[in-house]
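The structure appears below as structure tokens.
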């Protein structure tokens, strides 16, 4: 396996990582921003107000996008396995 192939696999793995985690990170970021604005406007500084809605919505988002995440990860794994079999075991 050449250096270019290793870099190509690493690039593809990083791209897949970004695609898999971005929906959950975006939801967590948006919910955190909305809760922060709400706390600023109402001057409610309750610590649990930050964590509970974010945890619930991140969990719901993870359940909803799980098929997409599994499809991307399976595609990456299949691509890597195909490359391994194309090289042949020596």
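Rounded to the nearest 0.05, what FRET efficiency do residue 50 and residue 77 give with R0 = 35 Å and r taken as the Cβ-Cβ distance? Could you check?
According to the calculation, E is roughly 0.45.
Shape verdict for segment 18-58, please, from the Cα gyration tensor: rounded (a/c under 1.5), prolate (a/b greater than b/c) or oblate.
Judged from the Cα gyration tensor, segment 18-58 comes out prolate (a/c at least 1.5, a/b above b/c).
Report the relative contact order of the chain, percent, no decimals, based on alpha-carbon pairs under 8 angstrom and at least 6 residues apart.
Once normalised by length, the contact order is 43 percent.
Largest first, please: the extent of the C-alpha atoms of segment 3-87 along each principal axis, to the nearest Å.
Each principal axis gives a Cα extent; for segment 3-87 these are 62, 25, 14 Å.
Which of 44, 30, 60 moves most in a GNM of the chain, Cα contacts under 10 Å?
Sorting by GNM fluctuation, first place goes to 44.
Any read-out appearing in this document is the output of simple, stated calculations on the displayed coordinates, not a laboratory observation. These numbers were taken from a predicted model, which means no experiment stands behind them. With ideal geometry, Cβ positions are generated from the backbone for all residues, glycine too; neighbour counts draw on all protein chains shown.
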